[in-house]
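The structure under discussion appears below in the form of structure tokens.
The values are calculated or read from the model by the stated rules, or taken from the named source; none is laboratory data. Computed from a predicted structure; not experimentally measured. A quick note on method: Cβ atoms are made from the backbone with ideal geometry, for glycine too, and the neighbour counts reach across all protein chains shown. Note: areas computed on protein heavy atoms with side chains; ligands, DNA, RNA excluded. Shrake-Rupley method; radii C 1.70, N 1.55, O 1.52, S 1.80 Å.
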Amino acid sequence: MSKYILKKRIFAIVFIVVVFGFSTVNFYHGYVTIADTCNEVISDGGITQQDMTQLENSITENFYGRMNFVETYAYIQSLLDKRECNNFTYIKDEQGFLHYASFYREEDSNLFKYAMRVKRLQDYAESAGTKVLFVVPPGKYNKDYTRFRTGMPVNDPNWIVDEMMFNLNRLGVETLDLRENLPNEELTYEETFFRTDHHWTIPAAFEASCAIVDKIEESFGEDLDPDNYYTDLANYDMVTYRSGMLGSMGRRTGANFCGIEDFTALWPHFEGQFTRECMTESGRTNRKKGSFQEVLMETSVLTERTDIYSDSQYSLYLNGLRIYEKIVNEENPEGTKIFFIRDSYFSPVMAFLMPMCGEIDAIWSLEESHDLDIESYIKNNEFDYIIVEVYPYNLNEEAFNYFKKED
């Protein structure tokens, strides 16, 4: 046997051993999580394209040493001075903020249909004396503040939001367009959004909660904060934690591409007494009772977190997102009762509104759990207000999974 053939065989054997060895390690590393995902997919009865995507994402997220590969790729992208990452999944503007990218976004011809579902919700709620408010937070892309290099295909949802709000106003649904409130003179664009995450900052969420209080008083005549105590920023300590925030976008592009940023939290001067029941995506129910910090804040993301890739500090309020929440203000149990159909944008907003309310219930608008049904929940409970909140990039069929049929 020639030395050339021998070298080829040795390389092939080593290569196969390394590949199969790494595959084995990777299998044991993510076995439990991936197995749980498989069981969840199979238990749903029938595997759909969405189930396959969920399984694929689970495998990708639990890849052994995944972030080492991500950070290596991010470092190379930075060395090349590139402004896009993951084949134009994300792009970076000239100020360093990450944005969703899209070369082409199909027009959604069902926006009026979605608006009609909200209208049917309002018609049903009004028969029980419940007021309805539709709220849309600002998207991160704003043509007045963001600048890109030539050719960067930013995903701009503002025209979709405009059409949706037009339809809702035309149908007589009360709306609050927070794009008109944020950014503002007090909060600059840089103070309104995270560089590495799609969410707004905590001060921006507080500003949004104040805007909702003002809107409820203006449109429905109820002042949730007559003493202007809970909406006064002076009654909170604003604390900035340096270099600890890496958002969901940053965890996908790598910190080497976008950097790690600061996180500003608001700590209330008051304590309060609350009871909270929430459901996780696994279906497990958790219960807590205590003060604002003990019940509405998950302080471990600041004090115990050692891995910036595990979660972001945005989860400080209400754990970021739970598919179901029921929170009672024990100091004012007979106060205003609000039901939120919402996404993760409203977790800190709900926390800031809670001291002004008697009870807040909430369901994640994109959740498809067999245990939760938004329409049934509305029909089986009584509320003073129903607030529907949809993030601009979530204005689609999944976000309006209720009141589909005309009575």
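Computed quantities for the displayed model
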quantity: Positive dipole terminus of the chain, leading residue within 403, 2, 392 (C-beta point charges); calculated: 2
quantity: Protein accessible area in the range 93-229, 1.4 Å probe - carbon and sulfur %; calculated: 43
quantity: Alpha-carbon Rg with Dmax, taken over the range 67-151, Å; calculated: 20.3, 61
quantity: Per residue accessible area in Å² of the chain, where ligands, DNA and RNA are left out and the probe is 1.4 Å; calculated: 50
quantity: 0 to 90° range, to nearest 10: angle between helix 49-61 axis and the chain longest Cα axis; calculated: 60
quantity: Quotient of C-alpha Rg and 2.2 N^0.38 Å, computed over the range 62-209; calculated: 1.30
quantity: Phi-based couplings in Hz for the range 351-365 (Karplus 6.51, -1.76, 1.60; Gly and Pro marked x); calculated: 4, 6, 7, 4, x, 8, 10, x, 7, 10, 10, 8, 10, 5, 5
quantity: Prolate/oblate/rounded label for the range 140-264 (Cα gyration tensor, a/c 1.5); calculated: oblate
quantity: Relative contact order %, the range 308-387, counting alpha carbon pairs below 8 Å whose residues are six or more apart; calculated: 37
quantity: Unit charges at the beta carbon, dipole of the chain: most positive-side option, 15, 87, 241; calculated: 15
quantity: Computed over the range 199-276, Cα set: Rg, Dmax in Å; calculated: 16.6, 50
quantity: Rounded to the nearest 10 Å², the accessible area of residue 238 at probe 1.4 Å; calculated: 100
quantity: The range 296-370 - percent of accessible surface contributed by carbon and sulfur, probe 1.4 Å; calculated: 40
quantity: ³J(HN,Hα) computed for each position of the range 222-237 - Karplus, 6.51 cos²θ - 1.76 cosθ + 1.60, integer Hz, glycine/proline x; calculated: 10, 9, 6, 9, x, 8, 6, 8, 6, 9, 9, 4, 5, 8, 9, 8
quantity: Student exercise, the chain dipole from Lys, Arg, Asp, Glu Cβ charges, in Debye to nearest 20; calculated: 2640
quantity: Principal axes of the range 240-361: Cα extent on each, largest first, Å; calculated: 50, 33, 21
quantity: Dipole in debye (nearest 20) - the range 164-211, about Cα centre, beta carbon charges: Lys, Arg +1; Asp, Glu -1; calculated: 260
quantity: Flagged links, alpha-carbon separation over 27 Å, of 326/404; 326/379; 140/326; calculated: 140/326
quantity: Eligible aspartates and glutamates near residue 337 by straight Cα distance, threshold 16 Å, same-chain separation 8 or greater; calculated: 126, 217, 222, 223, 225, 277, 325, 359, 361, 382, 384
quantity: Highest average packing first - 393-399, 176-182, 330-336, Cβ atoms within 10 Å; calculated: 176-182, 393-399, 330-336
quantity: Total charge dipole magnitude, the range 96-217, about the Cα centre, Cβ charges on Lys, Arg, Asp, Glu only, Debye to nearest 20; calculated: 440
quantity: Angle between the chain longest axis and helix 202-220 axis [Cα atoms, degrees, rounded to 10]; calculated: 30
quantity: Equivalent ellipsoid semi-axes, the range 156-229, via Cα gyration tensor eigenvalues times 5, rooted, Å; calculated: 23, 21, 8
quantity: Ranked by how many other beta carbons lie within 10 Å on average, peptides 338-344, 96-102 from highest; calculated: 338-344, 96-102
quantity: Angle between the chain longest axis and helix 158-170 axis [Cα atoms, degrees, rounded to 10]; calculated: 30
quantity: Label point distance in nm, residue 123-residue 262, each placed 7 Å from Cα along Cα→Cβ; calculated: 5.2
quantity: Shape category assigned to the range 326-407 from the gyration tensor of Cα positions, a/c cut at 1.5; calculated: oblate
quantity: Accessible surface of residue 13 - all protein chains present, 1.4 Å probe, nearest 10 Å²; calculated: 110
quantity: Base-10 log of normalised Debye intensity for the chain (one unit scatterer per alpha-carbon) at q = 0.06, 0.10, 0.13, 0.14 Å⁻¹; calculated: -0.28, -0.75, -1.26, -1.46
quantity: Among 96, 132, 231 - extreme Cα towards positive end, dipole of the chain, charges at beta-carbon; calculated: 96
